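**Q** Would you mind keeping the following structure in view while I ask a few things?
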Amino acid sequence: KKILHFDVIDSTNEYAKKNFFKLENGAVILSDEQTKGRGRVGRGFISNRGGLFFSVVFHSKLDISKLPIYTQLASVAVFKALEDLSINAKIKWPNDLYINGSKVCGILTELVGSKDFHGIIVGIGINVNNKKDEFIKQNICASSIEEETGLKVNRSTLLEKILLYIDEIFLDYEKNSDFIKYKPILTDNSLIIGKEIEITFGNEKTIAKALDIDEFGNLIIDFNGQISALNAGEVHIK
Ligand code: BTN
C-alpha cells in the first residue's frame, strides 16, 4: 500500500485534492498533525499529535449522488476496525463515530475532477491517544479513544485495519452496487436511529425522529408524522 506519510501538513484532504491526478488510485496521505484540518460545512478539525489523520484517493467515475453512500461505507470501515479491537463505537449519521456519547472520529468525503473524470477523497480523522483537555481548551465537544476506553491503541494497527476494510468494502460496492448489505451495521450501531433529533438547516432548527437509513444513504425522519429523507445535514440528539 502506498502511504505518503507527513509529519505535519495543512490538511491531507487538501493535499490529496491538489495532487489528485498525480496520485495513484488507492494512494493514502497520512499526517501526524494537521495545521488546517478540515471538517464538514466549512468547519475546522483539531488535528493534534496522537491522532490519526489520513485521506484515501479513489479514481473512479462516480455519480455525485453516490457521495453519501461512500461516506457511509467509510463509517462502516472505521466501525469494523474498532470492533476488531474490541471497541464499541456508535455511528452518527452522516459521518461521525462516537464512543460513550463523545465524538472521536469525523469523516469528510470530497468529490474531485471534471466532467469526464471523477474521483473521491475520503478523509478520516480519529482522536486516538489525545487528551480531552485539548478539545475543552478550544471549546470543542470531542474526546479520544484513549479517554473513552482507557485503551492505548496503536495508530498503525488501527490505520492498517481501516485501510483493509475500506479496500474490501469499496471494491465490493463498485462491483455489486449493493449498499443495503451494509445497512444493518449502520442502523444497529447508530447513535441516532430511534431517537428524537434536532436538525439544523442554515439558521433553522427542527425536531424530528430518526427512523432509518435508505438505499441512497439518506436518513429517513419522521417530522410531525410526515416521513422524509434527508441527504445531508447537521443532526444532534435531543
Ligand atoms: C468532520 O468532523 O466534520 C469531518 C472531519 C474530517 C477530518 C479529516 S482528518 C484527515 C482529513 N483531512 C482533513 O483536512 N480533514 C479530514
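No lab work stands behind these numbers, since they all come straight from the coordinates. Treat the numbers as computed from the prediction; the structure is a model and nothing was measured. Counting neighbours? That spans all protein chains shown, and the Cβs are built from the backbone with ideal geometry, glycine included.
**Q** Does region 158-207 hold any residues that are assigned to a loop (DSSP other than H, G, I, E, B) and either closer than 15 Å to ASN95 by Cβ or of a type in the set (Val, Ile, Thr) (or both), and which are they?
**A** Filtering region 158-207 for residues assigned to a loop (DSSP other than H, G, I, E, B) gives 177-179, 189, 191-195, 202-203.
Correct list: ASN189, LEU191, ILE192, ILE193.
**Q** Would you mind stating whether ASN127 is over 16 Å from GLY26 (Cα atoms), more than 9 Å from the chain's Cα centre (by Cα), crowded, with 23+ Cβ neighbours inside 10 Å and not hydrophobic (A, V, I, L, M, F, W, C)? Reasoning before the result, please.
**A** On the way: over 16 Å from GLY26 (Cα atoms): yes; more than 9 Å from the chain's Cα centre (by Cα): yes; crowded, with 23+ Cβ neighbours inside 10 Å: yes; not hydrophobic (A, V, I, L, M, F, W, C): yes.
Answer is yes for this residue.
**Q** To continue, here is another question. State yes or no: is VAL76 crowded, with 19+ Cβ neighbours inside 10 Å and among the β-branched types (Val, Ile, Thr)?
**A** Answer is yes for this residue.
**Q** Take the residues in region 68-105 that are hydroxyl-bearing (Ser, Thr, Tyr) and in a helix (DSSP H, G or I), then tell me which one is farthest from the ligand (Cβ to nearest atom). First the steps, then the outcome.
**A** Taking region 68-105 and keeping what is hydroxyl-bearing (Ser, Thr, Tyr), we get 70-71, 75, 86, 98, 102.
Adding the requirement that they be in a helix (DSSP H, G or I) leaves 70-71, 75.
Values: TYR70: 14, THR71: 10, SER75: 11 Å.
Only one residue tops the list, namely TYR70.
**Q** Same structure again: Taking the options GLY194, GLY202, GLY217, name whichever one is on the phi > 0 side of the Ramachandran plot and in contact with a helix residue (DSSP H, G or I) (Cβ under 7 Å, 6 or more places away or on another chain). Break it down stepwise before answering.
**A** On the way: GLY194 fails: in contact with a helix residue (DSSP H, G or I) (Cβ under 7 Å, 6 or more places away or on another chain); GLY202 fails: in contact with a helix residue (DSSP H, G or I) (Cβ under 7 Å, 6 or more places away or on another chain).
Result of the check over GLY194, GLY202, GLY217: GLY217.
**Q** Here's a follow-up. Given the conditions (1) farther than 29 Å from LYS195 by Cα; (2) within 16 Å of the ligand (Cβ to nearest atom), which single one is not true for ILE145?
**A** ILE145 satisfies every listed condition except (1).
**Q** Which condition number in (1) of a type in the set (Val, Ile, Thr); (2) touching a Ser or Thr at 6+ places or on another chain (Cβ under 9 Å); (3) within 25 Å of VAL56 (Cα to Cα) is the one that ILE199 fails?
**A** Of the numbered conditions (1) of a type in the set (Val, Ile, Thr); (2) touching a Ser or Thr at 6+ places or on another chain (Cβ under 9 Å); (3) within 25 Å of VAL56 (Cα to Cα), the odd one out for ILE199 is (3).
**Q** What tally of residues in region 11-60 results from selecting those that are more than 8 Å from the ligand (Cβ to nearest atom), in a loop (DSSP other than H, G, I, E, B) and under 22 Å from GLY119 (Cα atoms)?
**A** 10
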